[in-house]
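Structure in structure tokens, see below.
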Amino acid sequence: MERPTIRGDSLTTLPAITVTAEQAGDFGPVRGYVAEEAGIGTKTQTSILETPQSVSVITQQQIEVQQPSSTSQALRYTAGANSERFGGFGGQLDITRIRGIDADYYLDGLRVISNVSTWSTQVDPFTLERIEILRGPSSFLYGQGTGGGVVNQVSRRPQRDSFHELFIQGGTFNRREIGFDSTGSLNDEGTLLYRFTGTGLDSHGQVEDVRHKRVYLAPALTWRPDENTSWTLLATYSREPDIPNYNSLPAVALGLNGSPFTEVDRRRNFSDMDFQGSSRKQKSVSSLFEHTFGNGWKLNSNLRYMYINSDIQRTSIYGFQNRDGNLWLEGTYGLAPSSSHTFQVDNNLSGMFELGSTYHLVLGGIDYAKGRIRNDSYRMDPVAFNPFDPTKYRPHAIPDFTDSQTNWPYNVRQDFNRIGLYLQDQISYDKWRLTLSARHDWSKLDDESRSYSTKWTKTHQSTKKWSGRAGLNYIFDNGVAPYISYATSFDPVLGNDFHGRAFIPTEAKQAEFGIKYQPPGSATLLSASVFQLDQTNVKTSDTQHLGFWTQSGKVRSRGLELQAASEIVHDLNLLANYVYLDNTLVKDATYEGKSLTQTPRHSASAWLDYRLASGPLEGVQLGMGVRYLGSTWGNPANTFKVPAATLVDLAASYDLGLLSSSLDDAVLSINVTNLGNKKYVASCTSDMYCFIGQDRVVTATLSYRW
């Protein structure tokens, strides 16, 4: 049997696949659109071919070319990632569904534990090296979480080689943004490295009278006393004094659900401008330490403290009235201050050893998380208004949140402690790869809350749970790698049923079969997978006791995913995917047999870009993408559908140094999203809440690198 070679911590009996794009392990930049390795699926530097689950990587080059302004936008061309279902409103939210279930967000391998308010933690994609996506359950390594998957955002880290970048950007809706990135060595020995990245944004929005202001800073420092040791300190600071308010609207106001009414003007802001004002502030400090011992074993120790505070003050559309055949909307005034403090640490040790005719890469670790979440929400009784009045199309009232007769409070106080032990063995025998993962978690949660009443309810929950994964791959010499896997996850559920019994965790179980193909020496990665993902113990209405819940619900997701990423020829890049998803409530007290809202059965996208290296257009790079957003059900009863939409995106850039040597290292880029300015509804969650899709956005960026 051939002895495996080692790539970082990875095993393979085959020669290491050489990809024309530059590789930098599981956290460095990738030049090109195809990554060879991703640490998200194993917490080791394992090739994507050897990972027994579906994994994708959004590379730095893809981020640079497509110019997303949020992680959700960066996921537009990722298979099965339903990341913009809140439309124009979603630019300030990073909430993504994968395989029909919400995914968990991570930053540098540690979970971003957001507050329970609308404005959760958000990372500027300009500060990222790459974004990794793991589809399906992940509790076997990461602890409690949903069954949809993990989105891991990898920060830009200090580099020894000096690099500097400045950019300015302008665009639609009076968008103005500046940014910078600088990295290099602070001493001659190259043992102390720095990086400082930041952006500043001021923009209006597609709805009138809204504004988004943000300052985002991300400094980092790395100490490398020797080739086996690295310690990186990272910090983030983000302040948004203004966050735009995009109201959801009833389906009938947008011509859906058999509406007899005239559609409202989608550009209007139906909020009381004397009351509008939302903000968010977040900051974090992280420590990432790694040391490789002389025997090849590797220690990783990562920790983070994060704080986020948000204040929401706005008028929300809460319903509608039919007044003599005319549509009137109902607006409710609301306040929602919230905050969260979280501390996390993850320590693990990994190494390789030989046992008989097999080779083992073993990972063992312990992680701990502690946090405090505070969320308050106050809502007033609805105020009706005429959205077609040319001068008074907004609610006008004087809210009094001290009046107990009209004030509807919702308050949450949560303190949690979580600890988990995990063990993983990646076994190599000839061309076979067997991955076995197991984890045990202990979780405690103390909750004090009240819902639209003056009565506070206290709940204490203790959870002990096992989770695991078993996966098998076979790696052919030609780069074909079929695999099969079974994985589980769990997520605690807060509350009690009618009889006072505490809810048990929601569980997810996934069986997946797939095949990956990466020809040796190429920058191509093709994959196909089929899966069944079952989520049980889902909360559903208690039909015997009004106002209470049971855990008899079950959601089943079955699907097919096809993905392609390739540098077809030099400087010609392709991304393409298609997803079929059947997402059904197979058990539910009210909606059994119905499909979930905001979940298309069919979705697809393709992106192609090419850089001309010679001729009269030398230095020009052109890109075009098409996204098909399939139709979705608009309410839980599945009585109406949100129509499908096909959107076209463009990108173009030019190396200005080809015009004049004085402009060397300067690049002008133009990006267009939704080229045809198609008016569409991104999704609806019910008859009352629908979200308008993103209008056409054009940006021009001038960047200078040296």
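Out of the residues in the stretch 224-251 that are surrounded by 22 or more Cβ atoms within 10 Å (Cβ to Cβ), outside any loop (DSSP other than H, G, I, E, B) and of a type in the set (A, V, I, L, M, F, W, C), which is modelled with the highest pLDDT?
Here the answer is L234.
Conditions first: (1) closer than 30 Å to D582 by Cα; (2) surrounded by fewer than 17 Cβ atoms within 10 Å (Cβ to Cβ); (3) not small (G, A, S). P492 passes all but one, so which condition is the exception?
Looking at each condition in turn, P492 falls short on (2).
Could you check the stretch 497-533 and list, in sequence order, the residues that are charged (D, E, K, R) and either within 27 Å of K587 (Cβ to Cβ) or modelled with pLDDT under 95 (or both)?
Result: D497, R501, E507, K509, E512.
What single numbered condition from (1) modelled with pLDDT of 95 or more; (2) farther than 30 Å from V252 by Cβ; (3) out of contact with any helix residue (DSSP H, G or I) (no Cβ under 6 Å at 6 or more places or on another chain) fails to hold for A613?
(1)
Tell me, please, whether a residue that is of a type in the set (S, T, N, Q) and in contact with a strand residue (DSSP E or B) (Cβ under 6 Å, 6 or more places away or on another chain) can be found in the stretch 387-406.
Looking for residues that are of a type in the set (S, T, N, Q) and in contact with a strand residue (DSSP E or B) (Cβ under 6 Å, 6 or more places away or on another chain), one finds none in the stretch 387-406, hence no.
Counting just the residues of the stretch 283-330 that are in a strand (DSSP E or B) and of a type in the set (D, E, K, R), which one comes out modelled with the lowest pLDDT?
Within the stretch 283-330, the match that is modelled with the lowest pLDDT is R314.
Another question, then. Within the stretch 618-634, is there a residue that is polar (S, T, N, Q), in contact with a helix residue (DSSP H, G or I) (Cβ under 9 Å, 6 or more places away or on another chain) and outside any strand (DSSP E or B)?
no
I need the full set of residues from the stretch 600-615 which are of a type in the set (A, V, I, L, M) and not in a strand (DSSP E or B), in order please.
Of everything in the stretch 600-615, those that are of a type in the set (A, V, I, L, M) and not in a strand (DSSP E or B) turn out to be L612, A613.
Which one of the conditions (1) within 22 Å of G331 (Cα to Cα); (2) in contact with a strand residue (DSSP E or B) (Cβ under 9 Å, 6 or more places away or on another chain); (3) surrounded by 15 or more Cβ atoms within 10 Å (Cβ to Cβ) does S301 fail to meet, given that it meets all the rest?
(1)
Can I ask one more? Just the residues that are among the aliphatic types (A, V, I, L, M) and more than 22 Å from Y105 (Cα to Cα), please, taken from the stretch 282-311. Reasoning before the result, please.
Going through the stretch 282-311, the residues among the aliphatic types (A, V, I, L, M) turn out to be 285, 288, 299, 303, 306, 308.
Once the filter is applied, which keeps residues that are among the aliphatic types (A, V, I, L, M) and more than 22 Å from Y105 (Cα to Cα), the stretch 282-311 yields only L299.
OK, next. Starting from residues that are within 33 Å of the chain's Cα centre (by Cα) and farther than 15 Å from N269 by Cβ, keep the ones in the stretch 313-336 and report whichever is surrounded by the fewest Cβ atoms within 10 Å (Cβ to Cβ).
Filtering first and then ranking leaves G319.
For the stretch 452-469, give me the residue count where each residue is without any contact (Cβ under 8 Å) to a residue 60 or more places away in the chain and either surrounded by 14 or more Cβ atoms within 10 Å (Cβ to Cβ) or of a type in the set (A, V, I, L, M) (or both).
Here the count works out to 2.
With the condition being within 21 Å of F140 (Cα to Cα) and among the small types (G, A, S), I'd like the strands (runs of 3 or more DSSP E) fully within the stretch 488-571 carrying at least 2 qualifying residues. It would help to see each step written out before you state the result.
Working: elements: 506-517, 524-541, 549-569.
The strands (runs of 3 or more DSSP E) meeting that bar are 506-517.
Show the residue pairs meeting these rules: Cβ distance below 9 Å; 6+ apart or different chains; first residue within the stretch 602-625 and touching a residue at least 40 places away in the same chain (Cβ under 8 Å); second residue in a loop (DSSP other than H, G, I, E, B) and among the aromatic types (F, W, Y).
As it stands, the answer is W607/Y33; D609/Y33, since those pairs meet every condition given.
Among the residues of the stretch 677-703, what is the count of those that are out of contact with any Gly (no Cβ under 6 Å at 6 or more places or on another chain), closer than 14 Å to V648 by Cβ and in a strand (DSSP E or B)?
1
All but one of (1) surrounded by 18 or more Cβ atoms within 10 Å (Cβ to Cβ); (2) within 26 Å of T42 (Cα to Cα); (3) among the aliphatic types (A, V, I, L, M) hold for I373; state the number of the condition that does not hold.
It fails just one condition, (2).
Still on this structure, I have one more. Within the stretch 49-79, track down each residue that is aliphatic (A, V, I, L, M), surrounded by fewer than 23 Cβ atoms within 10 Å (Cβ to Cβ) and out of contact with any helix residue (DSSP H, G or I) (no Cβ under 8 Å at 6 or more places or on another chain). Give the steps one after another, and end with the answer.
At the first step, the residues of the stretch 49-79 found to be aliphatic (A, V, I, L, M) are 49, 55, 57-58, 63, 65, 74-75, 79.
Within this subset, residues satisfying the condition of being surrounded by fewer than 23 Cβ atoms within 10 Å (Cβ to Cβ) are 63, 65.
Result: V65, single match.
Here are Y194, Y216: which of them is of a type in the set (F, W, Y) and surrounded by fewer than 16 Cβ atoms within 10 Å (Cβ to Cβ)?
Numbers: Y216 fails: surrounded by fewer than 16 Cβ atoms within 10 Å (Cβ to Cβ).
Answer to the check: Y194.
Something else: Here are some conditions: (1) of a type in the set (V, I, T); (2) part of a loop (DSSP other than H, G, I, E, B); (3) free of Cβ contacts under 8 Å to residues at least 24 places away in the same chain. T639 meets all but one. Which one does it not meet?
Just one mismatch for T639, condition (3).
The values are calculated or read from the model by the stated rules, or taken from the named source; none is laboratory data. Being a predicted model, the structure only gives us computed values, none of them experimental. Here Cβ is always computed from backbone atoms with ideal geometry, including for glycine, and neighbour counts include all displayed protein chains.
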